[in-house]
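A.B. asks: Structure incoming, see below.
The values are calculated or read from the model by the stated rules, or taken from the named source; none is laboratory data. This structure is a prediction, so every number in the text was calculated from the model and none was measured. All Cβ positions, glycine included, derive from the backbone under ideal geometry; neighbour counts span all protein chains shown. Heads up: the accessible areas ignore ligands, DNA and RNA and are worked out on the full protein's heavy atoms, side chains in. Shrake-Rupley method; radii C 1.70, N 1.55, O 1.52, S 1.80 Å.
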Amino acid sequence: MSISPVRRMRVAEVERVASRIKRFRLVDAAGHDLPAFSGGAHVVVGMKKGDHLLRNAYSLMGAPGDTSSYQISVLRTEDSRGGSAFMHEEVEVGSEIEITGPVNLFPIAKMGRRHILLAGGIGITPFMSMMHELSAQGADFELHYGVRSFEQGAYCDHLKAQYGDRVRLYQSDKGEKLPLERILEDQPLGSHMYVCGPKPMIDWALNLGRTVGWPEEALHSERFGAPAAGTPFVIKLARSQREIRVGPHQSILEALEQNGIDAPYLCRGGACGQCETAVVACDGPLQHNDHYLTDDERRSEKKIMICVSRTSGSSLTLDL
Amino acid sequence: MLVSGIKSRPQYAGLEPDIFAKLNLIICDRDGSDAVIEMLRRTDGEFAARSSVLLCAEGTEWSEINLIIEGMKPASAAPFPNLPATIARLKELLATAKMGTRIYAAGSEPLIGSVIQAAMDFGVDYKSVKTEHRGSLKRRVQCVHCKGFTENVTTNPVKCASCGLTLLVRDHYSRRLAAFQGVCIDAEVPGEIPETTVEFP
């Protein structure tokens, strides 16, 4: 159960924007206005296929003040667990889907004087709404966007047309590299860096930011992606006395939901802290994949973020 | 008299060197200089060589200023006669500073608060400023009624320097104003004022 209510949406438009990326425009199924959001916000889309339930987070890409529709972009991943395949193959104009949100865990630092946005591939999506907001405020920003090729990069033309020199493209098929060290070394005090893209890119950018002397508070990132896979195990629920099997490509949260248990969640990416759950017992090491718990909390093995983390043992008893 | 548990009351974690910063701007007063010297001792000479100290030397003898500056070597240090002059110089430096700059503040709460206030004006997150409280507990207080400031407050209650109301000094703090909030203490029964005590020596 998310703390934000479920909203039924109808797909109003589907457009292929790159070789493996589709853009979806969603309107409220009952015709109501939607809540306004802020740049960097996302919604969680619920996808039901048979008895299989999946929920994925997607960044909102439109103008934050536009309450008539929401837009998301979905990359068809090769190792899809079903989410992106479902969106690409089964969702068409007129389809109805459920969303929760919007929620923003990747907001603009409003006090910042300059904003450096770093996107890799489908990581461009949160920046689409952020740039709407920054541009409307007359803020100082620049986007550095790495794509495999012009064909595989989404919105390259649109971004160049809309924002001109503020947008720099780097095509890896042409051997172009994002010169991040040079960019970060010469920014005025009060700058903020934001990165969204593949995990190695995020780790690289955050690490480089620290080593060229940027403070932690000026380095922002958002990670999306399927929860890490692992070996199957059984979760025992101490309070409700139930046992549930977690599959190798399933998160604990997804296994609970499939069995009709409404556990709290918000971001489904290990960032927000909403799904923090107390560990009663565990017969193997915990595999923490979140970005929320402190190192001390991890070592204590008393808490787990059930949206992304798991165990390599055979069973895990939770206070649920 | 203080109501405790007010969340806006600042906490100061202590000076921690950031070895990756390209330039360290350190602002301190006489009492805070001990914390700065302790931090410099925990680091190598290169950290100190990248450091520049602004010393707020109000109420400090010349001979002592020289000793403090000598103690901070190899960091360069310059004394300023009071807090406003120190902050004015800090702002000049921040105006052209790059992102590799780290800001440290050590000493009284008005000094730390003024440094954070100046840094925030240049888009720096307040949590990026490393702080350590040393010395007097004196406070800058804003009267919530006339909005005037009373500097170096050590007693509770205190008379507002601007409008003359007797103010209860609270833990309620404004980072934007770098001041604790003072509220009229005898609003219900004028003249009913508790005994003045030195609460912030």
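A.B. asks: Please work out the Cα center distance from segment B:70-106 to segment A:1-45, rounded to the nearest Å.
C.D. replies: 49
A.B. asks: Excluding same-chain residues fewer than 8 positions from residue A:110, which aspartates and glutamates have a Cα within less than 15 Å of its Cα?
C.D. replies: The reachable aspartates and glutamates, counting only those whose Cα sits under 15 Å from residue A:110, are A:133, A:140, A:217, B:121, B:125.
A.B. asks: In nanometres, what is the gap between the two model label sites at residue A:67 and residue B:42, each 7 Å from Cα along Cα-to-Cβ?
C.D. replies: 5.1
A.B. asks: Another question, if that's okay. What FRET efficiency comes out for residue B:96 versus residue B:146 if R0 is 51 angstrom and r is the Cβ-Cβ distance? Round to the nearest 0.05.
C.D. replies: According to the calculation, E is roughly 0.90.
A.B. asks: Compute the convex hull volume of the Cα atoms of segment B:125-173, divide it by the residue count, and report the result per residue in Å³ as a whole number. The partial results should precede the final answer.
C.D. replies: Details: hull volume 4.5 nm³, N = 49.
Output value, Cα hull per residue: 93 Å³.
A.B. asks: Tell me which residues come under 5 Å, amide H to amide H, from residue A:287 once H is placed; ignore anything under 5 positions away on its chain.
C.D. replies: Here the answer is A:310, A:311, A:312, since their amide H atoms fall under 5 Å of that of residue A:287.
A.B. asks: Something else: Convert each backbone phi in segment A:234-243 into a coupling constant with the Karplus relation 6.51 cos²θ - 1.76 cosθ + 1.60 (shift: θ = phi - 60°), then list the ³J(HN,Hα) values in order as whole Hz, x for Gly and Pro.
C.D. replies: 10, 9, 9, 9, 4, 7, 8, 6, 10, 10
A.B. asks: For segment A:195-320, which semi-axes, largest first and in whole Å, follow from the square roots of 5 times the eigenvalues of its Cα gyration tensor?
C.D. replies: 29, 14, 13
A.B. asks: Using the Kirkwood formula over every pair of different C-alpha atoms, what hydrodynamic radius in Å results for segment A:29-75?
C.D. replies: 12.0
A.B. asks: Further question: Rounded to the nearest angstrom and ordered from largest down, what semi-axes does the equivalent ellipsoid of chain B get from its C-alpha gyration tensor (root of 5λ)?
C.D. replies: After diagonalising the Cα gyration tensor, the semi-axes are 34, 17, 14 Å.
A.B. asks: Given R₀ = 41 Å, what would the calculated FRET efficiency be for residue B:6 paired with residue A:173, taking r from the Cβ atoms and rounding to 0.05?
C.D. replies: Efficiency computed from Cβ-Cβ geometry: 0.10.
A.B. asks: Would you work out if segment B:139-198 is rounded, prolate or oblate? Take a ≥ b ≥ c from the square roots of the eigenvalues of the alpha-carbon gyration tensor; rounded if a/c is under 1.5, else prolate when a/b is larger than b/c, oblate otherwise.
C.D. replies: Details: a/c = 1.86, a/b = 1.50, b/c = 1.24.
It is prolate, given that a/c is not under 1.5 and a/b is the larger ratio.
A.B. asks: Of the residues B:156, B:24, B:82, which exhibits the maximal mean-square fluctuation in a Gaussian network model of chain B defined by a 10 Å Cα contact cut-off?
C.D. replies: Result: B:82 has the largest fluctuation of those listed.
A.B. asks: What's the extension gain from residue A:95 to residue A:319 if we count 0.36 nm per residue and subtract their Cα-Cα distance?
C.D. replies: Length difference between fully extended and current span is 76.9 nm.
A.B. asks: How large is the dipole of segment B:139-198 about the Cα centre if only Lys and Arg carry +1 and Asp and Glu carry -1, each at its Cβ, rounded to the nearest 20 debye?
C.D. replies: Magnitude of the dipole: close to 440 debye.
A.B. asks: Then there's this: Just to be sure I understand the curve: with the Debye formula and one point per C-alpha of segment B:23-133, what is log10 I(q)/I(0) at q = 0.10 Å⁻¹?
C.D. replies: -0.24
A.B. asks: Please compute how much accessible surface disappears when A pairs with B, both sides summed, using a 1.4 Å probe, and round it to the nearest 100 Å².
C.D. replies: Chain pair A/B: roughly 1600 Å² of buried accessible area.
A.B. asks: Taking the alpha-carbon set of segment B:89-184, what are its Rg and Dmax in Å?
C.D. replies: According to the Cα coordinates of segment B:89-184, Rg and Dmax are 14.6, 45 Å.
A.B. asks: Rounded to the nearest whole Å³, what is the per residue volume of the convex hull around the Cα atoms of segment A:82-226? Mind dumping the intermediate values first?
C.D. replies: Details: hull volume 21.2 nm³, N = 145.
Looking at segment A:82-226, the number lands at 146 Å³ per residue.
A.B. asks: Calculate how steeply helix A:125-137 sits against the longest principal axis of the alpha-carbon atoms of chain A, using the helix alpha-carbon long axis, and give the answer as 0 to 90 degrees to the nearest 10.
C.D. replies: 50
A.B. asks: What cysteines in chain B have no other cysteine with a beta carbon less than 4.7 Å from their beta carbon?
C.D. replies: Lacking a cysteine Cβ partner under 4.7 Å: B:28, B:56, B:184.
A.B. asks: Taking the convex hull of the alpha carbon atoms in the protein assembly as shown, what volume per residue do you get, in Å³?
C.D. replies: Cα-based convex hull of the protein assembly as shown, divided per residue, equals 198 Å³.
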